[in-house]
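Peer 1: Before I ask anything, let me first share the structure, which is written out below as structure tokens.
The values are calculated or read from the model by the stated rules, or taken from the named source; none is laboratory data. Every value quoted in this text rests on a predicted model; they were computed, and no experiment measured them. Positions of Cβ are backbone-derived with ideal geometry, glycine not excepted, and every protein chain shown enters the neighbour counts. Quick note on the areas: whole protein, heavy atoms, side chains included, nothing else; ligands and nucleic acids left out. Shrake-Rupley method; radii C 1.70, N 1.55, O 1.52, S 1.80 Å.
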Amino acid sequence: GVLMTCPMNAYLEKELEKRFNLYKFWQFPQRTQFLTENCNSIRAVVGNAKAGADAPLIDALPKLEIVSSFSVGLDKIDLKRCKEKGIRVTNTPDVLTEDVADLAIGLIIAVLRRLCECDRYVRSGKWKIGDYKLTTKFSGKSVGVLGLGRIGLAIAKRAEAFNCPISYHSRTEKEGSKYKYYSNLLELASNSDILVVACALTKETHHIINREVIDALGPKGVLINIGRGPHVDEPELVAALVEGRLGGAGLDVFENEPEVPQELFTLENVVLVPHIGSGTVETRTEMANLVLGNLEAHFSNKPLLTPVV
Ligand code: 8YV
């Protein structure tokens, strides 16, 4: 049997149903009772960025062999526990890189060129009263990337095409990278017009975007987050935006999704989207195929396609 933690993709659900005895966790409000009754027939968990496999779930499934995540991010999976118990873990890297990087650039342009406000301007008939105010140029602005992994690199590559000088911060300098490295995030923020969060969420990167970093970015700076909500100290971000200490923000992720701070709703220098980085038909289908391929490989004793543990 395979346990799906929450609804994530209709095609994936259909394919899982064809191949396995599929349990949909969200259809069982009595979770403890469900686990007691079915724990011995569940050999795989399929989770996502919302609901993964934490230690209590892993411990409740004595026959669990593999956690196959419908996400590249692994922050909702207790990797340590999986390692200890010999449970395999897979994710969906690469296939979503382009979409997430595309969205990061889209958010930058939407914030600087005020696309959402402009759209509302036209729809409300205000154009008839007068032209829209001037906005801010993107091309040539300095872009700082936090985390130069697959996604960070794809963002840097795109920003290069806009003639933006690129710098980055990560734990260690990437050998052979042509981008400027800052060992200190505050220095990266002070030297960037736009700071893009593209690192993995770990204990070390929780609230890595704090008040100091936000103030280093400054009243003309723009923060883009396509990583995870908890990378950012959200109350500090809201305060900085409300007080005008930060120039703007483009956010795909939030600390308590789907809750978004109300204070942001009236700010036109902020663009808010509902965690859609990988949300295209094409990419979600490829992600689903990777989840299915990993499960199939595991249950036929073949090498996993995208193993993490
Ligand atoms: C998805 C994601 O939103 O890959 C990730 O880490 O956050 C996203 O691709 C999610 O897992 C889809 O349900």
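Peer 1: As an exercise: evaluate Asn21 against (1) open to solvent by less than 70 Å² (accessible area, probe 1.4 Å); (2) away from the ligand (no atom under 16 Å from the Cβ) and give the number of the one condition it does not meet.
Peer 2: All conditions pass for Asn21, except number (1).
Peer 1: I want to confirm something. Restricting to the range 272-303 and keeping residues that are buried (at least 19 other Cβ atoms within 10 Å of the Cβ) and in a loop (DSSP other than H, G, I, E, B), which single residue is nearest to the chain's Cα centre (by Cα)?
Peer 2: Gly277
Peer 1: What are the pairs, 6+ residues apart or on separate chains, where a residue within the range 105-134 that is under 25 Å from Ala159 (Cβ atoms) has its Cβ under 7 Å from a residue that is assigned to a helix (DSSP H, G or I) and open to solvent by 70 Å² or more (accessible area, probe 1.4 Å)?
Peer 2: That search, which allows pairs on different chains as well, returns Ile109/Leu115.
Peer 1: Which one of Asn40, Asn91 is modelled with pLDDT of 95 or more, of a type in the set (S, T, N, Q) and open to solvent by 20 Å² or more (accessible area, probe 1.4 Å)?
Peer 2: None of the other options fit; the residue is Asn40.
Peer 1: Right, something else. Answer yes if at least one residue in the range 264-271 is within 15 Å of the ligand (Cβ to nearest atom) and either open to solvent by less than 20 Å² (accessible area, probe 1.4 Å) or basic (Lys, Arg) (or both), and no otherwise.
Peer 2: Scanning the range 264-271 turns up no residue that is within 15 Å of the ligand (Cβ to nearest atom) and either open to solvent by less than 20 Å² (accessible area, probe 1.4 Å) or basic (Lys, Arg) (or both).
Peer 1: Answer with yes or no whether Glu187 is part of a loop (DSSP other than H, G, I, E, B), out of contact with any Phe, Trp or Tyr (no Cβ under 9 Å at 6 or more places or on another chain) and either open to solvent by 10 Å² or more (accessible area, probe 1.4 Å) or basic (Lys, Arg) (or both).
Peer 2: No: the conditions fail for Glu187.
Peer 1: Could you please give the count of residues in the range 70-85 that are touching a strand residue (DSSP E or B) at 6+ places or on another chain (Cβ under 8 Å), surrounded by fewer than 21 Cβ atoms within 10 Å (Cβ to Cβ) and free of Cβ contacts under 8 Å to residues at least 60 places away in the same chain?
Peer 2: 1
Peer 1: Inside the range 1-18, can you point out the residues that are crowded, with 18+ Cβ neighbours inside 10 Å and not aliphatic (A, V, I, L, M)?
Peer 2: Selection gives Thr5, Asn9.
Peer 1: Then there's this: What are the residues in the range 207-252 that are in contact with a helix residue (DSSP H, G or I) (Cβ under 7 Å, 6 or more places away or on another chain), within 16 Å of the ligand (Cβ to nearest atom) and open to solvent by 10 Å² or more (accessible area, probe 1.4 Å), if any?
Peer 2: The answer is Ile226, and nothing else.
Peer 1: Exactly one of these conditions fails for Lys50: (1) in contact (Cβ under 8 Å) with a residue 40 or more places away in the chain; (2) touching a Cys at 6+ places or on another chain (Cβ under 7 Å); (3) within 23 Å of Glu296 (Cβ to Cβ). Give me its number.
Peer 2: It fails just one condition, (3).
Peer 1: Checking the condition assigned by TED's automatic domain parsing to the domain that holds Val111, in contact (Cβ under 8 Å) with a residue 40 or more places away in the chain and not in a strand (DSSP E or B), which residue from Ala239, Ala200, Ala156 passes?
Peer 2: Just one listed residue meets the conditions, Ala200.
Peer 1: For Glu255, work out the one condition from (1) in contact with a Pro (Cβ under 7 Å, 6 or more places away or on another chain); (2) more than 16 Å from the ligand (Cβ to nearest atom) it doesn't fulfil.
Peer 2: Here Glu255 clears every test but (2).
Peer 1: Test of understanding: among Arg81, Arg120, which residue is assigned to a helix (DSSP H, G or I), under 30 Å from Leu16 (Cβ atoms) and at pLDDT 95 or above?
Peer 2: The match here is Arg81.
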